[in-house]
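This report refers to the structure that appears directly beneath it.
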Amino acid sequence: MNETATAPTAPLRARAEIDLAALRANVRALRARASGAALMAVVKSDAYGHGAVPCARAAVEAGAAWLGTATPEEALALREAGLPGRIMCWLWTPGGPWREAIEADLDVSVSGMWALREVTEAARRAGLPARVQLKADTGLGRGGCQPGEDWAELVASSRQAEADGLLRVTGLWSHFARADEPGHPSVTAQLALFREMVSYAEGQGVRPEVRHIANSPATLTLPESHFDLVRTGIAVYGISPSPETGAPADFGLRPVMTLSASIALVKGVPGGHGVSYGHRYVTPGETTLGLVPVGYADGIPRHASGTGPVLVDGKWRTVAGRIAMDQFVVDLGGDRPPAGTRAVLFGPGDRGEPTAEDWAQAAGTIAYEIVTRIGTRVPRVYVNEEQAG
């Protein structure tokens, strides 16, 4: 197990340990689930808080054929770091870096005519054809082109731009709204509309390299949605996209991030002692308190005040009182672990520690948010950087 060379020898205040062997194994498990399709590893938002470049490299090593980001800036950063192969980005606003994306050989998403105009103009200036994927809104109601006249206009204009040598339509794609609810009628409806919109585009002469609609939950539970490519985000990082249908282990996945901190102080206090802002917690009797030096500035959700679980000295503890900007307190019930003892907020869960899903439940949110919000003040320490054998 090897860590980054920059990891200090002294204990860190806090650390997010990223197990790249677990990430590679997750990618392989997901590829096996969708064996008839290529796999895109989505590394947007700094790989859901795990670190985009190291995670992207590990995913490619494990057989991910594509990388995906939300913003073009994220995709360009991957290219600048030397990541080869196919990279797609989809969240564009007017005036975006279209030419830079074209010159970096990125696949860019187009949902409407303004974007098609901008990308074709950028291609004209660059003297290179753009790689464009047309996005259909099949029912999510966010990005994507509406069916009917809007889709017909976008397809026709794209075909003309292809004939003019300004772009190549490399993909047709969409996104589910409720794939994490297997059996929901909207899933079947979106799938049917996607097939319809793809069929129309292909009938007009579009010859996409890939057609794709499956996100992480659809990859795991809806094989008929796999088409040519599946886009896996949160599942790459070992978190179940749909806890109601199964835990990570049920899908052959293992959480990649373990978040821990060094206990900064342990002290005895009498009963009736208020703890943290507002005294929302008052000790029921004589006890010991442990100070955990991370808070909402580090991404620990304040909504988990009084409920967030922490493993300290082999026992589950609960956040006592409010989570502050830089720290929170746990009631140790009279135990006196030494300062510097590791407090594990979440990890894979197989060593007795809470998981990101446990924190999501405590905060009334989803595990996606728990890992993504961990801030830059918490160093990422990478283990198993080298691929075995």
message: Rounded to two decimal places and with Rh computed the Kirkwood way over Cα pairs, what is Rg over Rh for segment 242-285?
response: 1.28
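Defining a contact as two alpha carbons under 8 Å apart and six or more residues distant in sequence, what relative contact order in percent does segment 312-377 show?
21 percent
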message: For the chain, what does the convex hull of the Cα positions come to per residue, in cubic angstrom?
response: 146 Å³
- prompt: What is the distance in Å between the Cα centres of segment 297-349 and segment 203-250?
  reply: 35 Å
Candidates 305, 199, 225, ranked by Gaussian network fluctuation over the chain, Cα under 10 Å, top entry: 199
field: Electrostatic dipole magnitude of segment 57-194 [Cβ: Lys, Arg +1; Asp, Glu -1; Cα centre; debye, to 20]
entry: 160 debye
query: Taking the chain as a Gaussian network, where each spring joins two C-alpha atoms under 10 Å apart, which residue of 218, 163, 115 fluctuates the most?
result: 163
query: What whole-number value in cubic angstrom gives the convex hull volume per residue for the C-alpha atoms of segment 1-138?
result: 143 Å³
- prompt: Any idea which of 256, 346, 366 is furthest toward the positive side of the dipole for the chain, if Lys and Arg beta-carbons carry +1 and Asp and Glu beta-carbons -1?
  reply: 346
message: What number comes out for accessible area per residue over the chain if the probe is 1.4 Å? Units Å², please.
response: 42 Å²
- line: Expected max-MSF residue from 242, 35, 158 in the GNM of the chain (alpha carbon, under 10 Å) is 35
statement: The FRET efficiency for residue 325 and residue 73, from their Cβ-Cβ distance with R0 = 30 Å and rounded to 0.05, is 0.60
- request: With a 10 Å radius around each residue's Cβ, average the other Cβ atoms per peptide and rank 278-286, 351-359, highest first.
  value: 351-359, 278-286
task: Could you list which residues have their amide H under 5 Å from that of residue 167, counting only those 5 or more apart in sequence or on another chain, with H placed in the peptide plane?
output: 130, 162
message: Let's see if you can work this out: charge +1 on each Lys and Arg Cβ, -1 on each Asp and Glu Cβ, no other charges. What is the dipole magnitude of the chain about its Cα centre, in debye to the nearest 20?
response: 520 debye
- request: Output ³J(HN,Hα) for segment 164-173: one whole-Hz value per residue in order, computed from phi by the Karplus curve 6.51 cos²θ - 1.76 cosθ + 1.60 with θ = phi - 60°, and x for Gly and Pro.
  value: 7, x, 8, 7, 10, 7, 8, x, 10, 8
- request: Quick one: angle between helix 20-33 and the longest Cα principal axis of the chain, in degrees between 0 and 90, rounded to 10, please.
  value: 50 degrees
query: Tell me, what ³J(HN,Hα) does each residue in segment 105-119 have, in order and in whole Hz, if you take phi through Karplus 6.51 cos²θ - 1.76 cosθ + 1.60 with θ = phi - 60° and put x for Gly and Pro?
result: 6, 8, 8, 10, 9, 10, 10, x, 5, 4, 5, 5, 4, 5, 6
field: Helix axis angle, 149-163 relative to the chain longest principal axis, alpha carbon, degrees
entry: 70 degrees
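The values are calculated or read from the model by the stated rules, or taken from the named source; none is laboratory data. In this text the structure is predicted, and so the values were computed from the model without any measurement. Cβ coordinates were reconstructed from backbone atoms using ideal geometry, including for glycine residues, and neighbour counts include every protein chain displayed. These area figures cover heavy atoms from the full protein model, side chains too; ligands, DNA and RNA do not enter into them. Shrake-Rupley method; radii C 1.70, N 1.55, O 1.52, S 1.80 Å.
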